Amino acid sequence: MMNKKSCFLVSIFLLCILLLGFTAQNNYFNISKEDVEFKVPKTFPKPLYKFKNNKLSPEIFVLGRKLFYDPILSKDSTTSCASCHQRIAAFAHIDHALSHGINGLIGKRNVPALQNLIWKDDFMWDGGVNHIEVQPISPITNPVEMNETVANILLKLGANINYKTDFKNAYGDTLINSERILKALTQFTGLMISANSKYDKYMEGTDTFTAYEKKGLQLFRNKCANCHSEPLFTDNTFRNNGLKPDTVLQDKGRGAITGKAEDNYKFKVPSLRNIALTYPYMHDGRFRKLSDVLNFYSSSPNFDSHAAREVYDIGVLTADDQKYLIDFLQTLTDKTFIYDKRFIDPFMK
Amino acid sequence: MKKSVSIYKFMATLSVAMLFCFNAWCKVTLYFDHYVKDRIIQFDTVNYINELGQLYTITKFKYYIGNISLISKNGITAINKDYFLINEEDSLSKVLHINNIPADSYTGIQFTLGVDSADNCSGAQSGALDPVNGMFWAWNTGYIFLKLEGKSPQSSSTGNMLEYHIGGYKIPHNCIRQIILNFNVQSDFKEDKEIHIKVDIAEMFKSRQIIDFTKISSVTDFHNATLIADNYMDMFSVISIK
């Protein structure tokens, strides 16, 4: 039997372990200067956004991360950016065909993955947003997403003593304005760079492909790379991929932005990086599995009459072709990106 | 030797004198006076009548002005490159103080109504262009150049609303308009000046095309936007320079 003294010692010991655990955990969320160093992956082209008027710093990045994960940015403080952009899904929304907003409202498009954003010339499926810094205003103010106003966010953040400290740490004073909020969010989302998949290592010569993966890559280059061009796996254009328009959603895509009839039902070609993680697929999330997508592209008689030439060029994909392609597409999964500690929810601290 | 010293002296005096001459600056105060025809605008309570005899009230009126320049026979002198958000509800916003204007004899003033395309594509901005001002489209990036809201019994929109949010910088929906206003007589700007610019909202519905509230009661994207933009070009006139 333990006496009182040893009981006391054991509790002190346990307390120490607990404290140690806490400190370790806190360090885990720390962001260093090296963490926000901006390195362009060797095989990537020059990014379009270079943080020129938004100098990267650990404190601003940390503020951006907190804002990204904080539901305070939505009208009823229930929904954060991360509610729909889940880290484990390469910041897409696993198993949700269409976006979900406050009060159970449903949008009309599938949540896109967030990765390699600084190589994009415009944003959203219709390319309506022309700059990474102003992109967050769209979901924040959309009535079926976060349904909040910029003015109200300033009020809410201004009334929050912790945020005052965060802004002071980030910018040197407690001024909270939209420019600072947007630039901080951009530091966080802009550094979401995925370039360390098995495919990338294979291309560098530091990993090998199986026979199936090699065949898949070959097929991919012949059939898919016209639009999903390497190394970003998108050519950033808008195309009609052959999907017949959903009669309920009535989504004209790019056409609603430009007002040009020839742009109707065109959508941005999405990157295929981390594609295995971002199901369901297509701009309206109508396909649950990669095999559904490949079956669709393999059956040109089902295409919309305005489908792009490139999707007709795909031709029939045999069962074997599909197997090879899916094996290859899985090599685009980037685990170091998904588990990168810089992107983990700081409210878990 | 002595001669050359005196030449230097003379030249020095001359250049100081020239500097003094060219450094004659003045200050201009611009007033944007909002009217409907000949009456100073009043929100909510006053009924106005458009060209088709349709009644309307006004509940909101604001717009962006930028790139202000003065025109003289020697050319165009940029006097301020900033953007200003002129808002009927905010009396301070309707008076612009512009300093350091080179003294000259000017024949007119020009400015942009709207926001240049480059400034529509520059990401997060503060000041007049801060999205918090409610003059920013999030879903199709760009600034709303002019916002006029009101009501008309003839309006076909919900709640008889009139809603004109005019913007767009891309061809063919470009709503940026260059406003050039000539002074009645050439004016010597030696001392500080006050210029009153009349902004007649009735012109928005008048020419070049008469706006019928039963047909066009809401413009919130590129549909019909340039129609209104061509009309708002004629809203401005200089009514006094003192």
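The values are calculated or read from the model by the stated rules, or taken from the named source; none is laboratory data. Only a predicted model underlies this, so the values are computations on that prediction, with no experimental measurement involved. Note: ideal-geometry Cβ built from the backbone for every residue, glycine included; neighbour counts use all protein chains shown.
Name the residues in region A:176-209 that are in contact (Cβ under 8 Å) with a residue 24 or more places away in the chain, farther than 22 Å from A:Asp340 by Cα and among the β-branched types (Val, Ile, Thr), would you?
A:Ile181
Which residues, taken from region B:163-201, are surrounded by fewer than 19 Cβ atoms within 10 Å (Cβ to Cβ) and outside any strand (DSSP E or B)?
B:Lys170, B:Ile171, B:Pro172, B:His173, B:Asn174, B:Lys190, B:Glu191, B:Asp192
Quick test for you: out of B:Ser117, B:Ser155, pick the one residue that is within 14 Å of chain A (Cβ to nearest Cβ) and not charged (D, E, K, R).
The conditions single out B:Ser117.
For region A:221-269, name all the residues that are under 30 Å from B:Pro172 (Cα atoms) and of a type in the set (Lys, Arg).
A:Arg239, A:Lys244, A:Lys252, A:Arg254, A:Lys260, A:Lys266, A:Lys268, listed by residue number.
Quick grid of which residues meet (1) over 20 Å from the mean Cα position of the chain (by Cα); (2) in the same structural domain as A:Lys214 (by TED's automatic domain parsing):
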site: A:Val269; (1), (2): no, yes
site: A:Arg273; (1), (2): no, yes
site: A:Gly285; (1), (2): no, yes
site: A:Arg309; (1), (2): yes, yes
site: A:Asp320; (1), (2): yes, yes
site: A:Arg342; (1), (2): no, no
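Restricting to region B:21-52, name every residue that is in contact with a helix residue (DSSP H, G or I) (Cβ under 9 Å, 6 or more places away or on another chain) and not in a strand (DSSP E or B).
The answer is B:Lys37, B:Ile41, B:Asn50, B:Glu51, B:Leu52.
Please determine, by comparing only the residues of region B:73-114 that are surrounded by fewer than 16 Cβ atoms within 10 Å (Cβ to Cβ), among the aliphatic types (A, V, I, L, M) and closer than 30 Å to A:Glu133 by Cβ, which one is farthest from the other protein chains (Cβ to nearest Cβ).
Here the answer is B:Ala78.
Going through region A:121-130 one residue at a time, which ones are within 9 Å of another protein chain (Cβ to nearest Cβ) and touching a residue at least 40 places away in the same chain (Cβ under 8 Å)?
Matches in region A:121-130: A:Asp122, A:Met124, A:Asp126, A:Gly128.
For region A:256-268: of the residues being in contact (Cβ under 8 Å) with a residue 24 or more places away in the chain and within 13 Å of another protein chain (Cβ to nearest Cβ), which is farthest from A:Asn110 (Cα to Cα)?
A:Asp263
Please determine, by comparing only the residues of region A:132-180 that are at the interface with chain B (Cβ under 8 Å from one of its Cβ atoms) and of a type in the set (A, V, I, L, M), which one is nearest to A:Gly101 (Cα to Cα).
The selected residue is A:Ile140.
Let me spell it out: the conditions are (1) among the hydrophobic types (A, V, I, L, M, F, W, C); (2) surrounded by 20 or more Cβ atoms within 10 Å (Cβ to Cβ); (3) assigned to a loop (DSSP other than H, G, I, E, B), and A:Ala225 meets all of them except one. Which number is the exception?
(2)
Inspect region B:121-138 for any residue being in contact with a strand residue (DSSP E or B) (Cβ under 9 Å, 6 or more places away or on another chain), more than 14 Å from every other protein chain (Cβ to nearest Cβ) and either of a type in the set (Gly, Ala, Ser) or over 30 Å from A:Trp125 (Cβ atoms) (or both) and give the result as yes or no.
There is no residue in region B:121-138 that is in contact with a strand residue (DSSP E or B) (Cβ under 9 Å, 6 or more places away or on another chain), more than 14 Å from every other protein chain (Cβ to nearest Cβ) and either of a type in the set (Gly, Ala, Ser) or over 30 Å from A:Trp125 (Cβ atoms) (or both).
Could you grab me the full set of residues in region B:166-194 that are within 14 Å of chain A (Cβ to nearest Cβ) and touching a residue at least 40 places away in the same chain (Cβ under 8 Å)?
Once the filter is applied, which keeps residues that are within 14 Å of chain A (Cβ to nearest Cβ) and touching a residue at least 40 places away in the same chain (Cβ under 8 Å), region B:166-194 yields B:Gly167, B:Gly168, B:Tyr169, B:Lys170, B:Pro172, B:His173, B:Asn174, B:Cys175.
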